[in-house]
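A quick write-up on the structure given underneath.
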Amino acid sequence: KVEDYLALGSALRKSGAIDKARHFLELAKMKYQGNDLVIIELAHTYLEEDQIVTAALLFEEAARYKNKYSQEASELFRRAKELYHALYLNSKIVDQKEKLKQRLAIFLEFGDFEAAAAMEQSLSRVGLLDNEDLRYAIAYCLYEVGDMKGAEYHLQYLTRPDLFKKASELRKSMQECMADEFQCQ
């Protein structure tokens, strides 16, 4: 049964017999085509070997059967620096909060501060700016696109000590930019 393959494959992987687990799960994948649990267990086996792209492709395959795997597939492609593919898969995520958090991370990875800053209202609408990490990220993006007033607006809400320190450093940079505009172009 598929459950037996999954249990044995998982046990082999967890015991460190990665090659045997991979071989066994590849057989299960062929025998039980379209079984998302087999595909995901195989993906985790490839992750044990740091084969991120292969694992990402497997999560993408599983997402064809169950959309809930789109987020993991997108995240793995982001980690593998396959950003366009990550963005494509991100568009398929149903959970708006998770979709927006991940999209912001992808835009930051791209260095596309304009696109990231443009997400401000969407993040606010779903309540994600209550997360101070995301609020700081938006403040930084606004700073990068030259919206010092918008950046300051978000910085004032940061209370966590580590982010408060980063906010102070960012404010210093903002003051230098306002004093000498050519320095920040």
query: Using the Karplus equation 6.51 cos²θ - 1.76 cosθ + 1.60 (θ = phi - 60°), what ³J(HN,Hα) coupling, rounded to whole Hz, does each residue of region 99-104 give in order, writing x for Gly and Pro?
result: 4, 5, 4, 5, 4, 4
statement: When the chain is treated as a Gaussian network with springs between alpha carbons less than 10 Å apart, the largest mean-square fluctuation among 45, 159, 54 is found at 159
query: Using a 1.4 angstrom probe and counting only protein chains, how large is the accessible area of residue 76 in Å², to 10?
result: 10
message: Taking the full set of protein chains and a 1.4 angstrom probe, give the accessible area of residue 114 in square angstrom, rounded to the nearest 10.
response: 140
message: As I understand it, the value is the acute angle between the Cα axis of helix 36-48 and the longest principal axis of the Cα atoms of the chain; what does it come to in degrees, rounded to 10?
response: 70
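Restricting to Cα pairs below 8 Å that are 6+ residues apart, what does the relative contact order work out to for the chain? Please round to a whole percent.
On the way: 208 pairs, mean separation 18.2, N = 185.
Answer for the chain is 10 percent.
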- prompt: Each residue of region 71-88 in order: what ³J(HN,Hα) in whole Hz does its phi give by Karplus 6.51 cos²θ - 1.76 cosθ + 1.60, θ = phi - 60°, with x for Gly and Pro?
  reply: 4, 5, 4, 4, 5, 5, 5, 5, 4, 7, 6, 9, 5, 5, 5, 4, 5, 4
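Return the carbon/sulfur percentage of the accessible area of region 32-111, one whole number, probe 1.4 Å, all protein chains in place. List each step's numbers first, then the result.
On the way: 1920 of 4000 Å².
Heavy-atom surface of region 32-111 belonging to carbon and sulfur, 1.4 Å probe: 48 percent.
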query: Once both axes come from the Cα atoms, what is the angle between helix 132-144 and the longest principal axis of the chain, in degrees from 0 to 90, rounded to 10?
result: 60
query: Taking Cα pairs under 8 Å and at least six residues apart, what relative contact order does region 82-156 come out at, in percent?
result: 24
statement: Over the chain, the sum of -39500 (n - 2.57) across DSSP H runs of at least four, divided by residue number and rounded to 500 deg cm²/dmol, gives at 222 nm -23000 deg cm²/dmol
field: Fluctuation leader among 174, 30, 148 - the chain, Gaussian network, Cα springs under 10 angstrom
entry: 30
- prompt: Which residue, 68, 149, 29, has the most motion in a Gaussian network model of the chain that connects Cα atoms within less than 10 Å?
  reply: 149
statement: With the 1.4 Å probe rolled over protein heavy atoms, the chain has an accessible area per residue in Å² of 57
- prompt: Measuring from centroid to centroid over Cα atoms, what is the spacing of region 34-49 and region 81-156 in Å?
  reply: 30
Where N is the number of residues in the chain, Cα Rg divided by 2.2 N^0.38 Å: 1.33
task: For residue 95, list long-range residues whose amide hydrogen, built 1.01 Å from N in the peptide plane, is under 5 Å from its own amide hydrogen.
output: none
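The values are calculated or read from the model by the stated rules, or taken from the named source; none is laboratory data. Bear in mind that the values here come from a model prediction, so they are computed numbers and not experimental data. Please note that ligands, DNA and RNA were not included when accessible areas were found on the heavy atoms of the full protein model with its side chains. Shrake-Rupley method; radii C 1.70, N 1.55, O 1.52, S 1.80 Å.
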